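Working notes, structure below.
No value in this document is a laboratory result; all are computed from the given coordinates. A quick note: this is a predicted structure, and the numbers were derived from the prediction, not measured. Counting neighbours? That spans all protein chains shown, and the Cβs are built from the backbone with ideal geometry, glycine included.
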Amino acid sequence: RASRCSSSISSFPRTISSLLHTPLSDEKASETVTITGWVRSVRRMKNVSFAHVSDGSTIHPLQAVLTKEQSENLSMGASVKITGEWKESVRGKGQQSRELLAEKVEVFGEADPLTYPLQKKYQTPEFLRTLLHLRSRIPANTNLLHLRSGLISTLTAFFAENSFIQCHTPVITSSDCEGGGEVFTITRPKDFFKTPKYLTVSGQLHLETLVAAVPRVWALGPTFRADKSDTARHLSEFYMLEVEIAFIDTLDPLIALIEDMVKTLIRSISTSRLGRETLSAAGGGDKAKELEERWRGLLERSWSRITYTEAISRLGSAVEQGDVQFVSPPVWGAALQAEHERFLAQTVFNGPVFVTDYPKGLKPFYMLPSVSTPPAPEGGETVACFDLLVPTVGELVGGSLREHRYDELLAEMRRQGITVRDEDEEAESLRWYLELRKWGSVKHGGFGLGFDRLVCYLAGVENIREAVAFPRWYGRCDC
Ligand code: 4AD
C-alpha cells in the first residue's frame, strides 16, 4: 500500500530570503523561526558569536547570534539548523536590522576550516573552476542559478502568451544539422544503433518537423559542439533556445520577436529582486552601475539592422580611415571574425545589431535564398539569414528562413554531399527532413539563441564558464 507523505512544503523551514524580505509586523515584534543552511562566516567575540548563514534562497546571509558554546563546532561551510527568535537587531548599526537569536543549534555536517577550500577572501574565477562541486555556494554563482531559473520562467510565460508551445527535441541524433563537422559521435555500447549517432548540435531540424504540425514552437535544451575554440564564449555543451515559426516569408517577424523577447526578460529582471541581487552579485559600485546602464540602453533604443554586405563595407571603411586594425581583413565572402563582430556591436553600433543576408557559401544547406535583394557584389549569392551581435559577447543568435521547396532543397543537399537517398533510405540520411517539403510544405523560419551567452550578457559575466554550473569546454569536463 502506498504510504502517505506526512509533511508538506508548508512545513519546510522558512527560507532566509523570506525572512530578510518580509518586514516584522511592528518594531518590537519577534517570532520563533527555524532556518537551515550553510555557515558563511563565524565571528567569535568574548561572550557571544555571530554566524552568517546562507541557504541559497538569496545571496544575502542571515546573521545568527549564538552563545560561545553554541558556536563551538561552527565554521565556514558547515551545514546547520538553527531555531531561535527572529527580531530587531539590538546592536543596530550592523549590516542587518534583524538577527536570529539562537536557542537551538544543530550541526548536520561539520567543515574542517583547515581543508575547506572556499575562503572568505577573493578567489579567482580560474581557481573556483577547479571546485565546480563547491562554487555554487559562492553568492555570485548562487545568483547565476537564480538568474537562469528566473529567465526560463519569464521565457515560458512570454512564449505561452504569444501562442507558442514548448517542445522537446532529441539529444541523440542521426545528423549534423549545421554541417560544421563539430559533432560528438556516440560510439558505445558498440553497434547499439547500427549506424553512427551523434549528440545534437541543434534541435532545429526536429523543430522544423514539429512546426509543420503546430505553427509556433520553442525549445530550450542542451546542444553539443566538438569545437576546439578555447575562448570565453565557447562551450562544448551549452543550452540553446530555439524557435521555429510557420507561415512567415521575411526575417522581420523573427527579428521583432527576438528584440521583444530579450526586452521582456530585461524588464522582468530589472524590476525584481532578482535584478537587484544580480547587480549586487556583479560586484556593486561601478560594475553594478555599468550593468544597469546596459539594461537601460537595451530597453530604450530599437536595435540596429544592416546587411552583411553593408557590414563588410563599414568595416573596410573603418580600416581605410585608420580607425581600427584587424588581424583578418574584412573581405566579402569570408566569415565575420570575432574581432569584426566586436567592432560592429561595440564601436559602430554600441549596442545589439542584426546582420542579415550573409553569403550563401558561409551558411548551412537549409537556408532560403535572400527574399529581398540586398546589395551584394556581382554574382554574390546571399541567403535569408541573420546573426544578432551584441557588445562583449559577440554572436548571440543565429537564424534564417528555411528552404521550403523540395527540388531546391534536394539540389542543395546533393551539392553539399548530404545523404538523401530517396528510395533506399539509410538511417543517417535526412530523407525525413526533405520529405517535409513533399506534403503541405510551408514557408517558415526560426533561430537559435545561445542561452549561456545571454546569461553572460545580462549578468555582466565575462566568461561563459561562469554562466553554467558545470562547464565543459575544449579539454575540460571535470565534474
Ligand atoms: O548559429 P548557430 O550555430 O545556429 C544553429 O545551430 C541553428 N541551427 C539554430 C536555429 O536556427 N535553430 O548557434 C546558435 C547560437 C549562436 O548564435 C551562439 O549564441 C550559440 O548558439 N552557440 C554557442 N554558445 C556557446 N558555445 C558554443 N560553442 C556555441 N556555438 C553556438
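With helices as the sole contributors, the chain gives -8000 deg cm²/dmol at 222 nm; each DSSP H run of n ≥ 4 counts as -39500 (n - 2.57), and the sum is divided by every residue. Taking only the Cα atoms of the chain, the radius of gyration and Dmax are 26.7, 85 Å.
Put a dot 7 Å past the Cα of Thr34, heading toward its Cβ, do the same for Phe12, and the two dots end up 1.5 nm apart. Evaluated with a Cβ-only charge set (Lys, Arg +1; Asp, Glu -1), the chain carries a dipole of roughly 1980 debye about its Cα centre, given to the nearest 20. Charges were assigned to the Cβ only: +1 to each Lys and Arg, -1 to each Asp and Glu. The resulting dipole of the range 182-311 about its Cα centre is roughly 440 debye. Does the range 58-158 come out rounded, prolate or oblate, given a ≥ b ≥ c as the square roots of the eigenvalues of its C-alpha gyration tensor, rounded meaning a/c under 1.5 and, failing that, prolate meaning a/b above b/c? Verdict is oblate for the range 58-158. Here's how it looks for Ile165: its modeled amide H is under 5 Å from those of Arg216, Val217, Trp218, which are all 5 or more places away or on a different chain.
Backbone geometry of the range 181-190 corresponds, through the Karplus equation with coefficients 6.51, -1.76 and 1.60 at θ = phi - 60°, to 3J(HN,Hα) couplings of x, 9, 9, 8, 9, 8, 10, 10, x, 3 Hz, x marking Gly and Pro. Take the convex hull of the alpha carbons in the range 9-116; its mean projected area over all directions comes to 7.1 nm². What you get for the range 341-417, charging only the Cβ of Lys and Arg (+1) and of Asp and Glu (-1), is a dipole of about 140 debye around the Cα centre.
The residues Asp176, Asp387, when put in order of fewest to most other Cβ atoms within 10 Å, stand as Asp176, Asp387. Classified by the C-alpha gyration tensor, the range 38-97 has an oblate form. Its axis ratio a/c, with a ≥ b ≥ c, is 1.5 or above, and a/b does not exceed b/c.
Exceedance of the 23 Å cut-off in Cα-Cα distance is limited, within the set Lys194/Lys438; Lys120/Lys287; Lys360/Lys443; Lys121/Lys287; Lys120/Lys228, to Lys194/Lys438; Lys120/Lys228. Only helices reaching 20 angstrom along their own axis (Cα) with mean Kyte-Doolittle hydropathy no lower than -1.0 count here, and for the DSSP H runs of the chain these are 139-161, 252-270.
Compared with the direct C-alpha span, the chain from Lys289 to Thr195 gains 28.5 nm at full extension, assuming 0.36 nm per residue. Each residue in Lys120, Lys87 was given a count of other beta-carbon atoms within 10 angstrom of its own, and listing them fewest first yields Lys120, Lys87.
Distance between the pseudo-spin-label points of Arg301 and Phe184 (7 Å out from Cα toward the beta carbon): 3.8 nm.
A simple rule links phi to the HN-Hα coupling: the Karplus curve 6.51 cos²θ - 1.76 cosθ + 1.60 with θ = phi - 60°, which for the range 466-479 gives 8, 6, 10, 5, 10, x, 10, 9, 3, x, 9, 8, 9, 8 Hz, with x for Gly and Pro. Within the same chain, lysines fewer than 8 places from Lys81 are excluded, and of the rest, those with a Cα less than 20 Å from its Cα are Lys68, Lys104. Between Gly150, Trp303, Gln166, the Cα set farthest toward the positive side of the dipole of the range 136-467 (charges on each charged residue's Cβ, about the Cα centre) is that of Gly150. Could you name the aspartates and glutamates whose alpha carbon sits less than 18 Å from that of Lys190, not counting residues in the same chain fewer than 8 places away? Of all the aspartates and glutamates, those that pass the test against Lys190 - Cα under 18 Å, at least 8 places apart if same chain - are Glu428. Centroid-to-centroid, using Cα positions, the range 189-217 and the range 300-375 are 31 Å apart.
Beta bridges from DSSP with both residues in the chain: antiparallel share about 90 percent, rounded to the nearest 5.
For a modelled paramagnetic label at Arg415, 7 Å from Cα along Cα-to-Cβ, the residues of the range 371-388 in reach, with backbone nitrogen under 14 Å, are 379-384. Annotation: amide H-H contacts under 5 Å for Thr307 (H modelled 1.01 Å from N, sequence separation of 5 or more, or interchain): Thr356. Sorting Ile35, Ile138 from the fewest to the most surrounding beta carbons within 10 angstrom yields Ile138, Ile35. Net length available on complete extension from Val90 to Val371 is 94.1 nm, with 0.36 nm assigned per residue and the Cα-Cα distance removed. Quick one: grab the alpha carbon gyration tensor of the range 163-227, order the square roots of its eigenvalues as a ≥ b ≥ c, and give me rounded if a/c is under 1.5, else prolate or oblate depending on whether a/b is larger than b/c. Prolate is the answer for the range 163-227, as a/c is 1.5 or above and a/b outweighs b/c.
Residues in the range 38-51 carry Karplus couplings, in order, of 10, 6, 9, 6, 10, 10, 9, 9, 4, 10, 9, 10, 10, 10 Hz; the curve used is 6.51 cos²θ - 1.76 cosθ + 1.60 with θ = phi - 60°, and Gly or Pro positions show x.
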